[in-house]
1. Checking B:W83 against (1) touching a helix residue (DSSP H, G or I) at 6+ places or on another chain (Cβ under 9 Å); (2) modelled with pLDDT of 95 or more: exactly one of these is not met. Which one?
2. Scan region B:711-730 for residues that are surrounded by 21 or more Cβ atoms within 10 Å (Cβ to Cβ) and over 18 Å from the mean Cα position of the chain (by Cα) and report the count.
3. Which number in (1) more than 19 Å from A:W107 (Cα to Cα); (2) modelled with pLDDT of 95 or more; (3) of a type in the set (D, E) marks the one condition that A:D233 misses?
4. Taking the conditions exactly as written (away from chain B (no Cβ under 14 Å) and in contact with a helix residue (DSSP H, G or I) (Cβ under 8 Å, 6 or more places away or on another chain)), does A:L236 satisfy them or not?
5. When residues of region B:729-761 are filtered for being part of a loop (DSSP other than H, G, I, E, B) and farther than 22 Å from A:S306 by Cα, how many remain?
6. Return the pairs, sorted by first residue and then second, in which the second residue is part of a strand (DSSP E or B) and open to solvent by less than 50 Å² (accessible area, probe 1.4 Å), the first residue lies in region B:43-69 and is within 14 Å of another protein chain (Cβ to nearest Cβ) and among the small types (G, A, S), the beta carbons are less than 7 Å apart, and the residues are 6+ apart or on different chains.
7. Counting just the residues of region B:575-630 that are part of a loop (DSSP other than H, G, I, E, B) and within 14 Å of another protein chain (Cβ to nearest Cβ), which one comes out farthest from B:E548 (Cα to Cα)?
Amino acid sequence: MRLPEFSFHEPLTLDQAFATIKKNNGNARFLAGGTDLVPLMKFGLETPSMIVSLKKIEGLKGIAEDNGYAMIGALTTLREIISSTVISGKLPALSEAAMAVAAPPVWNVATLGGNIRQQTRCVYYNQSRAWRLEKEPCFKAGGNVCHAVPRGKKCFSVYCGDIAPALIALDAAATISGMAGPAEVRLIDLFSNDGLSPFTLEKNTIITGIKIPVPGAASRSGYAKLRVRSAIDYPLVSAAASVALDKDSIITGVKLALSAVGPAPVAIDLNGVLVGVRIDTADFTALKDVLPKKTQIADNLALPGSYRRKMLSVIAKKAIMKAAERAAEKETI
Amino acid sequence: MSHAKYNVINTHVHNIDGVAKVTGRATYTFDVKLPGMLYGKILRSPHAHAKIKNIDTSAAMALPGVKIVVTGKDTLGVKQGIWRRYEELCDEQVLPLEKVRYIGEPVAAVAAITEEIAEAALDLIEVDYEVLPAVYEPLEAIKKEAPTIHEGVERNVNVTRHIEWGDVDEAFEEADYIREDWFKCSGQAHMCMETRAAVSSFTPDGKLTCWASTQSAYYTQGLLAGVLGLREGDVRVLAPYVGGGFGGKFELDAAMFTSAVMSMKLFKPVKVCFTREEDFIASKRRTPMFYYVRTGIKKDGTFCARESRMFSNGGAYTGMGATALYLSGFFHSFPYKWRGYRYDGYRVYTNTLPSTSMRGFGAPQAMFCSEQQIDWICADLGLDPFEVRRKNGHTEGYEVPGQAFIQSCGLEQCINEIEKWVKSKGKLPANRGIGISSCGFMSGGIFNWFDSPYSFSSAVVTINVDGTVELHVGCQDIGQGSNTTMAIIAAETLGVKVEDIRVHSGDTAHCPADLGAWGSRQTLMAGNAVKMACEDAKKQLLEFAYAEMGINIVYDLDIKDRWAHIVARPERGLPYVDLVKKALRAKDGQRIMGRGYYTPHRKGMISPAYSYMMQAVDAEIDPETGKIKIHEVMTAHDCGQPINQLGLIGQLEGAASMALGYAYLEDMPMEDGKLMNPNLVDYKVIKAPEMPEAGIIEIDTFEPEGPYGAKEAGEGLTNPTAAALGNAIYNAMGIQMKELPITPERVLKALREKKEQEAQK
């Protein structure tokens, strides 16, 4: 499978980037690490006539701690995130989520912004042009059917990002360039929950950075991912959690976000569940009750939807336990 | 058994082509580029079953840069197959004339000046299909009302195979306990690093040269000649480096065929390389099998009888499937003595990707069923699974009635060693278990369905003036290291060093014919041919040494480590290189040349020798997710005398990764005949984090039929693993896994059912 022809531009500033892309009647794509876009182009699912690389633009890279916030440039690679001791120490869910992406060679090129803004996936969609040829095009491919949910009236493709749920559990926000509206958007608000067009951002916008409040010592985070193999694989279900403890190891707050459960990551309102109990005596049975009863999980990833639905509470619990154990550890130090 | 001390055999010898490979200098077919070469692409059927009413190639031909478009009508329309002796099993036109029988089947091919143009031209070929009803599963396809896939083939039954010995019914009568089970074994992709690829160049002198990614240059030569109407001798097949085969690359493939057909029409070289997706959807696969197994046993653990029925999903064509059908049934009896044994195998055509041989050749499926059922029977009767295997296992001198004669057998030692290893592990934590499985495998097949008039293996050795050695062999190195193994055998036999040997292989014009790399045959068969050739050359050299040294004929001479000497008085001799020079002079300048060959005779129905092994898999199950973690794989292995020490370790580890992949990760799910995961994100081959420690305990035996006592090593190691994992899960969780692959949701389902059953009690 070969890449189709396209023109390639490497602007030096954001202004140049927007100017270049405006000239191109909308059939252009920004390129960061390319680990999502290039395979889609090989499959004929994205057919831009122009690629505008963001790599030479200064100021989009780097990790800094400033005034209680971690500021991370959108073009920072996953490798740089994994190597950062600030992130692994205070924002471990992000570190862990980055390490859960694909495999080490991918970390070297894949970027934070690109990972967040990856396309939703489906076994009926992420296939070569030849594979899709005799099948009626699905919603996401511009047609009117869903092969995953045969009577479905919408697209059931799955958001499979690892990083976004971690950022949601960490209360992060994204800074956006190229949009008329507000330049800072809460992570969860980036997602439209529509498989056809999974982001609320307009097409020719760029996430320039991520801003994460650095938690105090008593609050820590964790990420748990269910997948077939420990490398390469996208999540079948994943969860990120932040847990705050008081000095007696009693939970004072839990934030939980799920991924690979539908077209968008989901922030879970725990409704007080688990709060006020000691972590070592916590009863997780109530967790099932606060998890969404109606997800958009279908039979369109490597393992059946029925199995993935059962795993929601298991993986959510694993993420919460990881976070809580880390918070408890910090306490005793 | 005491062994002679060897200088080269079983020492630490690096792969002789290792440097070329790791520095990127090795020329694979993919790397071949010839002047004026065109690039070919194949148009494939999107339908599982359809009549080809018309193919309009005019628009594609009109595309600038396109040089030719061919369809079945441009070929001789030969129905070919590797079972050449049996016309009814030659059922595949590589470019079919009348109908397509699976999704991905080639229907036309294009050659153009670039790959991009060739790909674009595929879109311009108009095929008018009449879609026919299709059937995908063997148990459906065998029904009376199922659509007919091949005209005249009743109930779509492609081949049947009956194996029987002893009085089975009487033996069952003697059994105190009879157990029956159904199993479902999945398919598996060969997943060679190098996809199917060929470069064909037909020249005006009427000769064709074809570089091909093949497991047997000789088979490719014969098959190409057959479908192209050429003499075998006018077809030269070159396969200098091959990136893996695993049983999937010794039939004629569409890259070989379409490149040759187009080159013959254009008198230009044409290259066709499959994409990874093409390799997945259209290069055959491990045979999916449904097994019914009924076993009768006495209270004391003595096996009485076994009766099995197997239905395999043959897919659209025969390929090597007929052999897999036989071998699965034969190895299903392995490695035990049954008073009565009966197997009925049915290979059923379906409208899916054809199935064929793959590492283990039907045995991994057979063992998955047999070895698990034996453990369950042991549990049912309170018997020790080690003891039962020991009691019933093959021994030296045993004859599998009418099938095989066992000359060397280290099974009992294998069982003893693994028993010790398992016991040394002590009590395991919760949700963790060790499972065992024993098996054996062939050292090359005795069958000649290809109808080769040549001996099964041959070798020619020539000695240069400086003592360097040219070794010409027909056996095929496909990455498994056979060239290194042959160099080791040659160096040992001639008494020189490995670096003195240059191995020539993978060229039908310059190397003697050999059936190639399949069925674990090369170490034994080609190894015997190489040994014979080198002994022949050495004998000639030593004749000159006798004359030169003027010694009493009661002494015998040998060469070791480049020193020709009296065996009884090793200090008396002369340097090998001096001897070579003298011999050359004495022979009027003719180089010393030795010839060797091997064809098995009077060795039963299957193979001249059998390897034996027992494997243990240590696995842990997450009871919440059903996920499996493999901690360790340990194998006690009798391959006779190991020849290529590092190669053997590589084979062991490679087999463990492939067999574990088959056991719990790899699957080929289809919807209406369409493969759902034809890419390396969704097809789950094992990755580094999943790869456990794989250890080996070598069991010393000596196989009289093998070179230096060697027999099979490598392919058979894929046989026990799925069963051993199943048994590990059974020991850890008490659940019986009857379907492959053992996925997390199947584990959870079995756990849930067990809980429900316990609640009912």
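1. (2)
2. The first filter runs over region B:711-730 and keeps only residues surrounded by 21 or more Cβ atoms within 10 Å (Cβ to Cβ), leaving B:711-729.
Imposing the further condition that a residue be over 18 Å from the mean Cα position of the chain (by Cα) reduces the set to B:723-729.
Residues meeting the conditions: 7.
3. A:D233 satisfies every listed condition except (1).
4. no
5. Step one: of region B:729-761, the residues part of a loop (DSSP other than H, G, I, E, B) are B:734-738, B:740-743, B:761.
Now narrow it down to the ones that are farther than 22 Å from A:S306 by Cα: B:734, B:761.
So the answer is 2.
6. Pairs found: B:S45/B:V100; B:S45/B:V107; B:A50/B:K99; B:A50/B:V100; B:A50/B:Y129.
7. Among residues in region B:575-630 that are part of a loop (DSSP other than H, G, I, E, B) and within 14 Å of another protein chain (Cβ to nearest Cβ), the one farthest from B:E548 (Cα to Cα) is B:E624.
Residue by residue, here is whether (1) open to solvent by 40 Å² or more (accessible area, probe 1.4 Å); (2) in a strand (DSSP E or B) holds:
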| site | (1), (2) |
| --- | --- |
| B:A59 | yes, no |
| B:P64 | yes, no |
| B:V69 | no, yes |
| B:E88 | yes, no |
| B:I103 | no, no |
| B:A111 | no, yes |
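The values are calculated or read from the model by the stated rules, or taken from the named source; none is laboratory data. Just so you know, these numbers come straight off a predicted model, no measurement behind them. Methodologically, a virtual Cβ is constructed for each residue, glycine included, from the backbone with ideal geometry; neighbour enumeration extends over all protein chains shown. To get the accessible areas, we keep the full protein, side chains included, count just its heavy atoms, and leave off ligands, DNA and RNA. Shrake-Rupley method; radii C 1.70, N 1.55, O 1.52, S 1.80 Å.
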